[in-house]
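What follows is a set of notes on a single structure, which appears directly below.
The values are calculated or read from the model by the stated rules, or taken from the named source; none is laboratory data. Computed from a prediction, not measured in an experiment: that's the story for all the values here. Please note: Cβ atoms are built from the backbone with ideal geometry, for glycine as well, and neighbour counts cover all protein chains shown. Ligands, DNA and RNA are excluded from the accessible area calculation, which covers all protein heavy atoms including side chains. Shrake-Rupley method; radii C 1.70, N 1.55, O 1.52, S 1.80 Å.
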Amino acid sequence: MLNVASPLINGLKITLQHLFKKPVTLQYPTERPVVGPRFRGLHALNRFHDRSKCVACYLCPTVCPAKCITVEAAEDPITHEKYASRYDIDILRCIFCGYCVEACPVDAVKMTENFELANYKREDFAYTQEMLTDKK
Amino acid sequence: MVNLTIDDKQVTVEKDATIYDAAKSAGIKIPILCHDKKLHPFGGCRMCLVEVEQMKGRLIPSCTTPATEGMIVRTSNEEILKARKLVLELLLLKHPVDCPVCDAAGDCDLQNLTYEYGVSKNPLQDEKFRWEIDYINPLIERDMNRCVHCGKCARICDEIVSFGAYTFINRGIDAKMGTAFDGPLDCEFCGSCVSVCPVGALLSRPFKFKARWWSMQKVKTVCSYCGTGCQLTLGVKDNKVLTTIYDENQGFHNGQLCTRGRWGYQFVNSEKRLTTPLIRKGNSLVEAGWDEALALVASKLREAKGAVAGLVTPRLTNEELFLFKKFFTDGLGCESIDHSAGYAHGALTEAAVKGLGQGASPSVIADIQKTDLLLVVKTDAYETHPVLGFEINLGVKRQGVNLRLVSDKKGKLSRLPGAQTLVHTPGSEVTLFNTLTNIIITEKLADAGAAALPGYELLVKGVAGYTPEKGAVATGLGADELTALAREYAAAEKALILLPLGLGYPGHNATLAQALLNLAILTGRIGKEGSGVLFLGEKNNSQGAVDMGIIPGAKGKDAAGIIAGCASGEIKALYIAGENPVVSYPDRKKVEAALEKVGFLVVQDLFLTETAAKADVVLPVCSFAEKDGTFTSVGRNVQKVTKAIKPVGTSKTDFEIFNKLFAEFTGKPLYLSSQAVFAEIAESVPGYAGLTWAKLGSNGIVRPVALSPKFVPVESVVSVPQPGKFALLTGSALNHSGTLSQYGEGPMMVCPEGYVEFGRDDAKKLGLIEKGTVTVTSDAGSVKLQVKLGNRLPAGVLFAPYHFGVNSINTVAVGAPVTWVNVAKAE
Ligand code: SF4
Ligand code: SF4
Ligand code: SF4
Ligand code: SF4
Ligand code: SF4
Ligand code: FES
């Protein structure tokens, strides 16, 4: 015979248990989440002296599945080194997969714990090299 | 034929094949680093090691070992893989491995092999190379830290380019690929070394850091500079042509290019490109819309009907030229159309038509390497068509072609092994050829069938006066030299004559072409493999322009007549498509005055050229990279040009413009595409019958010719030397082609301005030094030019290239084979 009561009771038990547990929801923004160290938030570029560490190898724009990174290379007129004269991420298109970080051969791009990316205008989601590079 | 077994596969190959060739033909891949199919085997890198059953005990380099009967070859086993891995580990030992900032990455043999063989750790350790990197050179960046000592650069520069810029210097671990005395690289800048370098040791500086190899679209097309018709791969990204990419399997030339082809592409996306139509308002040209501009052009052409003329550049596609002609004949009822100042195509349109029955070269490019005796008129053939120059180099060095040059100066070709240069008095070419013809007739060396050909009697009479003795006086050569050359030419089993044509060579006209055709016909050279005459049309589509009938009709005026007609007021409206007569036609002042005089001038061009600046309406057009079509190159090869990028600005193709005007003036429907026009060309142009767009494929088709040889005797016009004056010869500089290359950065980086070249003795007498300034004056005008010193000019002879708008030599030159000038040192 089919027991109608027992699943019902089991379900209610779980519900009642949860009534007395600590809630998982956070009272954002007054409460802040603890973000794990390998969290994939907004990108940042490591700094090397007076510019970002990016050498404009084009591996991240190549690997990026969302095609949201734009890099342009330039030659330093004195040292002849290659550097990124432009490094833009259109964060609206980014899927935060982290491939760019994985592809970078010189450890220039990383992902931070910053997840608070809301903004008012579309343009404000276009992150430039200047915005992304670690401050001195 | 040789039979051998490779990886259990039976392979049969030619006797001279190596194991590597044999494997390749069987589709078995053996890795290589230092081997190149164009070059002699070298065997320097040991990447291609294989095991041969009969030579057990050691591994054998497959690229240098000939395949022999019954060989049993294994191309991979554990030992071989280990050996190859070791080769890579050793190469990487001192290699910087800076792939992230190396432009070769993605197209680097070392990188690819390292990946393929999984060399991720190196058990060996050493310091990295610390060679100084050459950042100074404008075109080639040399970073010898990345060099893998394959020697390909030195070998190609020596074997094919015949320049010899590089050699290994130092010994052992200090060995390095370098230039003479390790100095700066100052060469021809053909870029062959850059293309074959398997790594990032030699890189194109103008392209440095512009894009990654894998991110570019590779578009196969044809070079738009000279008539050689080299195939080209454009590297395209974001609608911009960023570079040319080497493809060793492209064309008869195996991907080799010259400076203009390899480094002259920047004109396509030049800042200077015109982007909107311009209409003259008072003294200035102001931007206008297409409708307004085209309406104005149409109304002015209608007004001037009956007094219209057209000049068009042979750089356009066949389809565009065909439409241009149709627009002029059917739409305007006008027969006054021409190109290249008239004389630069006379060899084809007049001489070949009269002497062979049709306006094309009887011979093809492949004949250069197949001939026994190659007779080149002017060493300049190398400068006008550098990649054909490589063919000559290869013919002489590999196929044992005997090279003879008749020229008014020496040149690079003169230095080839066994080459003999007869340096004659400037302007005496026709006499020279008539004399050769005379000698062959009098010595009875002519072909047995010659006497039966039409015009033979006339020829015999015509050249009777050109005895060796008289010829010797006129040409400044010895009678014995002329006789020896005539005998040698007649005796050769196969003999081919090359005649470069072009705006810089007014002497290379119909008369000269006729004289050498007579000689070739007389000795039975026409229609035979490896023999005949090859006219080297100057521009990418010079042959096409002739085929499409861009020549004046019976009642029409030729280029010179058109200029004169403009000056006299007889021509009221002139339509110039792509030509730049102000700079490239002789007697600049006269041309300028004529263009200022003409009632209405339309110029259709990529740039605001010196000619366009004088126009009433300027229409911006697309470059070769923005359109589909066909070019017909030297030797009648019809090849496809492919659109690589969208039109720059609002520019339209010449095709669109002519199509519109044609439809408007004839009331006929528009052609739907270049293909549709090509189909009509195939129907109506002799020699193109049966060609279809699809059939052209990627290598093009050498269109056939029907030849009916006939003798047409010609008289020489002797240029009388003027005492105290220099004989000025114009021509092409190696790094330039026409006036277009002025807008290509590469050519301008290595040859930025006009110059006049002096022999050392003349310079000494005048007290001139390299890079000094002189004023060159003729009856037509005077110009200040930089001095260049050289060893190739005889006393009293000067040379100046014609490509440059600033201080253009055509201010002085008047379109005669020789212009007599005074020279004064300028302060
Ligand atoms: S995280 Fe992924 S999607 Fe975002 S920029 Fe990097 S590679 Fe592109
Ligand atoms: S030459 Fe090749 S292996 Fe060497 S740095 Fe350049 S891409 Fe890397
Ligand atoms: S660019 Fe041409 S001429 Fe110059 S070194 Fe390279 S191969 Fe030789
Ligand atoms: S520079 Fe390039 S082509 Fe020349 S030897 Fe070195 S690796 Fe080979
Ligand atoms: S300019 Fe002539 S020789 Fe040079 S690459 Fe172009 S077609 Fe070839
Ligand atoms: S490819 Fe055979 S030794 Fe280099």
Inset, instruction - Specify the inter-centroid distance of the range B:602-656 and the range B:281-354, based on alpha-carbon positions, in whole Å. - result: 13
Inset, instruction - Would you mind calculating the relative contact order of chain A from Cα pairs under 8 angstrom and at least 6 residues apart, reporting the percent as a whole number? - result: 30
Legend entry - From phi via Karplus (6.51, -1.76, 1.60), per-residue ³J(HN,Hα) for the range B:614-623 in Hz, x at Gly/Pro: 9, 6, 8, 9, 10, 10, x, 10, 8, 7
Inset, instruction - Using a 1.4 angstrom probe on the protein heavy atoms only, line up B:T12, B:T431 by accessible area, largest first. - result: B:T12, B:T431
Legend entry - Global geometry of the range B:513-641, whether rounded, prolate or oblate, following the gyration tensor of its Cα atoms and the 1.5 cut on a/c: oblate
Legend entry - Cα principal axis extents for the protein assembly as shown, largest first, Å: 124, 80, 73
Legend entry - Normalised contact order of the range B:83-209, rounded percent, pairs of Cα under 8 Å and 6 or more residues apart: 30
Inset, instruction - Count the DSSP beta bridges whose two residues both fall in the protein assembly as shown, then state the antiparallel fraction as a percent rounded to the nearest 5. - result: 60
Inset, instruction - Using only C-alpha positions, report the orientation-averaged shadow area of the convex hull of the range B:726-825, nm², one decimal. - result: 5.7
Inset, instruction - Compute the whole-percent fraction of alpha carbon pairs in the range B:308-419 spaced more than 23 Å apart. - result: 46
Inset, instruction - Would you mind finding the longest exposed-site-free stretch of chain A, with exposed chymotrypsin sites (Phe, Trp or Tyr not before Pro) meaning DSSP loop and at most 16 other Cβ atoms within 10 Å? - result: A:40-95
Legend entry - Whole-Hz couplings from phi, Karplus 6.51/-1.76/1.60, listed for the range B:565-576; x for Gly and Pro: x, 5, 5, 7, x, 5, 9, 9, 9, 10, 10, 10
Legend entry - Computed over the range B:466-518, Kirkwood Rh from alpha-carbon pairs, angstrom: 12.7
Legend entry - Rg in Å to one decimal, and Dmax rounded to a whole Å, for chain A via C-alpha atoms: 22.8, 88
Inset, instruction - With everything on Cα atoms, drop me the angle between helix A:5-19 and the longest principal axis of chain A, reported from 0 to 90° to the nearest 10. - result: 50
Inset, instruction - Per DSSP H run of n ≥ 4, the term is -39500 (n - 2.57); total these for chain A, divide by its residue number, and report the mean residue ellipticity at 222 nm rounded to 500 deg cm²/dmol. - result: -5500 deg cm²/dmol
Legend entry - For the range B:396-509, the spread of Cα positions along each principal axis, largest first, Å: 39, 31, 29
Legend entry - Global geometry of the range B:705-775, whether rounded, prolate or oblate, following the gyration tensor of its Cα atoms and the 1.5 cut on a/c: oblate
Legend entry - Cα pair distances in the range B:2-76, grouped into 5 Å bins until the bin that holds the longest one, percent each: 3, 19, 32, 27, 16, 3, 0
Legend entry - the range B:99-267 shape via C-alpha gyration tensor axes, a/c threshold 1.5: oblate
Inset, instruction - Keeping every protein chain in place, order A:R47, B:R404 by accessible area at 1.4 Å, biggest value first, i.e. largest first. - result: A:R47, B:R404
Inset, instruction - For chain B, calculate the relative contact order in percent as a whole number, restricting contacts to Cα pairs under 8 Å that are 6 or more residues apart. - result: 14
Inset, instruction - Return the loop-located trypsin sites (Lys or Arg not before Pro) in the range B:537-631 (DSSP other than H, G, I, E, B) with at most 13 other Cβ atoms within 10 Å of their own Cβ; answer none if there are none. - result: B:K555
Inset, instruction - Taking H placed 1.01 Å from N in the peptide plane, check which residues at least 5 places from B:T421 or on another chain put their amide H under 5 Å from its amide H. - result: B:L405
Inset, instruction - Pull up the DSSP beta bridges for the range B:726-825 and report the antiparallel fraction as a percent, rounded to 5. - result: 55
Inset, instruction - Scan around B:V818 for amide H atoms under 5 Å from its own, H built in the peptide plane at 1.01 Å from N, and keep only partners 5 or more places away or cross-chain. - result: none
Inset, instruction - Taking chain B as the reference, fit the longest principal axis to its C-alpha atoms, fit the long axis of helix B:588-597 to the helix C-alpha atoms, and give the angle between the two in degrees, 0 to 90, nearest 10. - result: 60
Inset, instruction - Could you let me know the centre-to-centre spacing of the range B:109-156 and the range B:166-188, using Cα atoms, in angstrom? - result: 15
Legend entry - Vicinal HN-Hα couplings computed from phi for the range B:624-632 (Karplus, 6.51 cos²θ - 1.76 cosθ + 1.60; Hz; Gly/Pro x): 4, 7, 10, 8, 9, x, 9, 10, 10
Inset, instruction - Could you pull out every residue, at least 5 positions away or on a different chain, whose amide H is within less than 5 Å of the one on B:A577? Hs are placed 1.01 Å off N in the peptide plane, and Pro or chain starts have none. - result: B:L311, B:V312, B:T313, B:Q604
Inset, instruction - Sort all Cα-Cα distances of chain B into consecutive 20 angstrom bins from zero, then give the percent of pairs in each bin up to the one containing the longest distance. - result: 15, 45, 32, 7, 0
Inset, instruction - Among DSSP beta bridges whose residues both lie in the range B:340-454, state the antiparallel percentage, nearest 5. - result: 0
Inset, instruction - Kindly provide the helix-only [θ] at 222 nm of chain B, computed as the sum of -39,500 (n - 2.57) over DSSP H runs of four or more divided by all residues, to the nearest 500 deg cm²/dmol? - result: -7500 deg cm²/dmol
Inset, instruction - Please quote Rg/Rh for the range B:344-539 to two decimal places, taking the Kirkwood radius as Rh and restricting both calculations to Cα atoms. - result: 0.92
Legend entry - Exercise: per-residue mean of other protein chain Cβ atoms within 10 Å, B:100-107: 4
Inset, instruction - Could you quote the convex hull projected area for the range B:566-690, Cα atoms only and averaged over all directions, in nm²? - result: 9.7
Legend entry - Gap separating the Cα centres of the range B:78-100 and the range B:373-403, nearest whole Å: 40
Inset, instruction - Compute the long axis of helix B:386-398 from its Cα atoms, compare it with the longest principal axis of the Cα atoms of chain B, and write down the angle in degrees, 0 to 90, nearest 10. - result: 50
